[in-house]
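J.: For reference, the structure I am asking about is given below.
Rule-based calculations on the coordinates, nothing more; no lab input. Owing to the predicted nature of the structure, the values given are computational and were not obtained by experimental measurement. Cβ: placed from backbone, ideal geometry, glycine included. Neighbour counts: every protein chain shown.
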Amino acid sequence: MKTDRLIEELYREHTLSDEDYRLLIEGLRQEIREIDPGELYQLLRKDPETSHPDRPILQLFHRAQQVRESVYQKEVYLRGLIEFTNVCKNNCYYCGIRAGNAQAERYRLSKEQILACADQGYHLGFRTIVLQGGEDPYYDDAMICDIVRGIKQQHADCAVTLSIGEKEKESYQAYYDAGADRYLLRHETANEQHYKQLHPDSMSWQHRRKCLYDLKEIGYQVGCGMMVGSPGQTTDHLIEDIRFMQELGPHMIGIGPFIPHKDTPCREEKPGTLYDTLILLAVMRMTYPRVLLPATTALGTIHPLGRELGLLAGANVVMPNLSPGDVREKYLLYDGKICTGDEAAECRHGMERRVASVGYQVLVSRGDWRGQS
Ligand code: SF4
C-alpha cells in the first residue's frame, strides 16, 4: 500500500515531497481512527514483529521509535518547568493568559521564589530548568539575567531554558551571556495568513521568524513548534511547518494539541486530537531524527495515556511542573490542564513511573541535543 511505502521512504530519507507528506498524513489519519487509544498503547508496547506489522499506523510508530533509539537510545530527558509569571502584554486569540482575559488571576514570582523552585528541582534530579512566562514587561533584561545567573551560580551543571517570547536580539544576547543555554519560541504556524488568523495585528509573523533566526545565530539550542489542530490549520499548513523547520534547523520541536480556553475568542473552536498529534510527533521524529521532542502536558490533558503514547510515537522529553502549588492553577493557557494540584516531587516521581511503563528510562542529565547541525 502507498502509506507503507511512504513510511519506509521517510524512515530512509528523512524527507518526502509535499504531495507525499500530504498522502501520508491524511492516509494515517483515516487508519488510526479505527483503533482505541488503550488498544494502541497495548499494541505499541509489544514486539513490533508480533503486533500487526501489516498496519501502517503501527509501522509508523515503530519506525519512529527505531529512529529515536538510534540517537537517544531509551533515554528520556526531564525538564523542570517554572511558570514564573502569567502576565502577558499580548493577545493571542487562543491563549488563556492573553492580556484581554479579565478573568485570569495574575501572579508573578520573585527571584527568591524562582531560585527556591530551581533548587528543589535540582534535588529532585532535574538538570534543566525551564523559565516560562508571558511577555511580561515587569521582568526587564537585567532581572532576567540576574535570575539566570542566580540559577547558574547555585547549580553550574544545570542547563537553563528560557521561554519568554519575542525580544530584540540584544536582549537574547544578554540572556545568553548571563548563562542561558536554550530558548523555546513556538513559531505557531509557518503560513503568514494563518498566523494572522491566530494573532492580532500588533503581532507579526516576520518578527517571530526573525527572533528564531536571531536565537540560532547567537548560539542557543532553539525550540520552535506549533499546536496541532489550531483554528484554521490545514494539512498544507503542516507541510509548510515541516519545510520551515527544515530551513531553520531547530534543536527542539514542541508540538501539542490545540485545546480551547473558555475565556478566549477561540472558545468555540474544535480541539486538536490525540491521534493527529501522535502522527505529527512520529513524522517529526522521522523527519528530524536528532531533535528533542517533548511529550507535552497538553497531550496528557486530552487523554490519560497521552504522554505515554507520545513517547511511543518518538518523543524523548517530558516537562514536569516545578512551579509553587498555589500558582499552578493560574497558569492556564487552555482548559482542563492536568497536574495543577500535584507537588513537584509527586510530578517528578509520577513521570518516572509513566516513562518506565513504556520501557524507557528517565535520566539525571542536562539532556542536550545530540547532533552536528
Ligand atoms: S501565547 Fe504567549 S505571547 Fe500569546 S498571549 Fe499567551 S503567553 Fe502571551
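J.: Take residue 91 and residue 110, extend 7 Å from each Cα along the Cα→Cβ direction, and tell me the distance between the two endpoints in nm.
T.: 3.4
J.: Now for a different question. How many angstrom lie between the C-alpha centres of region 1-78 and region 296-363?
T.: 23
J.: Right, another one. Taking only Cα atoms, what is the 0 to 90° angle, nearest 10, from helix 56-72's long axis to the longest principal axis of the chain?
T.: Compared with the principal axis, the helix lies near 50 degrees.
J.: If I stretch the segment between residue 19 and residue 42 completely, what's the gain in nm (0.36 nm per residue apart, minus their alpha carbon distance), one decimal?
T.: Numbers: separation 23, 0.36 × 23 = 8.28 nm, distance 3.20 nm.
Extending this stretch completely gives an extra 5.1 nm.
J.: To the nearest 20 debye, what is the magnitude of the charge dipole of region 71-363 about its Cα centre, counting +1 on the Cβ of each Lys and Arg and -1 on the Cβ of each Asp and Glu? Walk me through the intermediate numbers first.
T.: On the way: 32 positive and 37 negative charges, 94 e Å.
Result for region 71-363 is approximately 460 debye, rounded to the nearest 20.
J.: I'd like the projected area of region 188-272, averaged over all directions, using the convex hull of its alpha carbons. Report it in nm² with one decimal.
T.: 5.7
J.: Something else now. Taking the Cα centre of the chain as the origin and placing charges on Cβ (Lys, Arg +1; Asp, Glu -1), which of 129, 279, 211 is farthest toward the positive end of the dipole?
T.: Going by the charge dipole, the pick is 129.
J.: Continuing with the same structure: For residue 159, list long-range residues whose amide hydrogen, built 1.01 Å from N in the peptide plane, is under 5 Å from its own amide hydrogen.
T.: Result for residue 159 returns 128, 129.
J.: Something else: Given just the C-alpha atoms of region 159-305, how large is their convex hull per residue in cubic angstrom?
T.: On the way: hull volume 17.9 nm³, N = 147.
It comes to 122 Å³ per residue, whole-number rounded.
J.: Convex hull over the Cα atoms of region 14-85, averaged projected area in nm²? Each step should come with its number before you reach the end.
T.: Numbers: hull surface 31.2 nm².
Over every viewing direction, the Cα hull of region 14-85 projects on average to 7.8 nm².
J.: Before rounding to the nearest 500, sum -39500 (n - 2.57) across all DSSP H runs of length at least 4 in the chain and divide by the residue total; then give [θ] at 222 nm in deg cm²/dmol. Don't skip to the answer; put the middle values down first.
T.: On the way: 15 runs with 170 residues, N = 373.
Taking each H run of at least 4 residues, the total per residue is -14000 deg cm²/dmol.
J.: Further question on the same structure: Just to be sure I understand the curve: with the Debye formula and one point per C-alpha of region 71-363, what is log10 I(q)/I(0) at q = 0.07, 0.11 Å⁻¹?
T.: Each listed q corresponds, in turn, to -0.23, -0.60.
J.: Another question, then. Please turn the phi angles of region 107-123 into ³J(HN,Hα) values with the Karplus equation 6.51 cos²θ - 1.76 cosθ + 1.60 (θ = phi - 60°), one per residue in order, whole Hz, x for glycine and proline.
T.: 8, 9, 9, 7, 4, 4, 5, 5, 5, 5, 5, 4, 5, 4, x, 4, 6
J.: Here is a further query. Relative to the first principal axis of the alpha-carbon coordinates of the chain, what is the inclination of helix 344-357, with its axis defined by its Cα atoms, in degrees from 0 to 90 and to the nearest 10?
T.: It is inclined by approximately 10 degrees.
J.: What is the percent of Cα-Cα separations in region 1-154 that go past 23 Å? Present the calculation step by step, with values, prior to reporting the outcome.
T.: Details: 7215 of 11781 pairs.
The proportion of pairs with Cα distances above 23 Å equals 61 percent.
J.: Using only the alpha-carbon atoms, how far is helix 169-178 inclined from the longest principal axis of the chain? Give it as 0 to 90 degrees, nearest 10.
T.: Approximately 80 degrees, to the nearest ten.
J.: Then there is this: Counting other Cβ atoms within 10 Å, which GluC sites (Glu not before Pro) in region 147-182 have at most 14 and lie in a DSSP loop? Could you put the intermediate results ahead of the total?
T.: Details: sites: 166, 168, 170; in loops: 166, 168.
Counting only loop positions with at most 14 other Cβ atoms within 10 Å, the GluC sites (Glu not before Pro) in region 147-182 are 168.
J.: Could you list, in their original order, any pairs among 262/330; 2/46; 89/216 whose Cα atoms are separated by more than 20 Å?
T.: Values: 262/330 14 Å; 2/46 25 Å; 89/216 25 Å.
Listed pairs above 20 Å: 2/46; 89/216.
J.: Further question: If Lys and Arg each add +1 and Asp and Glu each add -1, what is the summed charge of the other residues whose beta carbon sits under 9 Å from the beta carbon of residue 133?
T.: Working: positive: 108; negative: 83, 135, 136.
Overall, the nearby charge balance is -2.
J.: Given H placed on each backbone N at 1.01 Å, which residues far from residue 335 in sequence or on other chains put an amide H within less than 5 Å of it?
T.: 261, 262
J.: Could you check the spin-label model distance between residue 34 and residue 168? Points 7 Å from the Cα along Cα→Cβ, value in nm.
T.: Result for the modelled spin labels: 5.8 nm.
J.: Would you mind telling me the antiparallel percentage of the DSSP bridges in region 71-363, rounded to 5?
T.: Numbers: 1 of 30 bridges.
Counting only bridges with both partners in region 71-363, antiparallel ones make up about 5 percent.
J.: Report, please, the projected area of region 242-300 averaged over directions, based on the convex hull of its C-alpha atoms, in nm². Present the calculation step by step, with values, prior to reporting the outcome.
T.: Numbers: hull surface 19.0 nm².
Its Cα hull, projected and averaged over all orientations, spans 4.7 nm².
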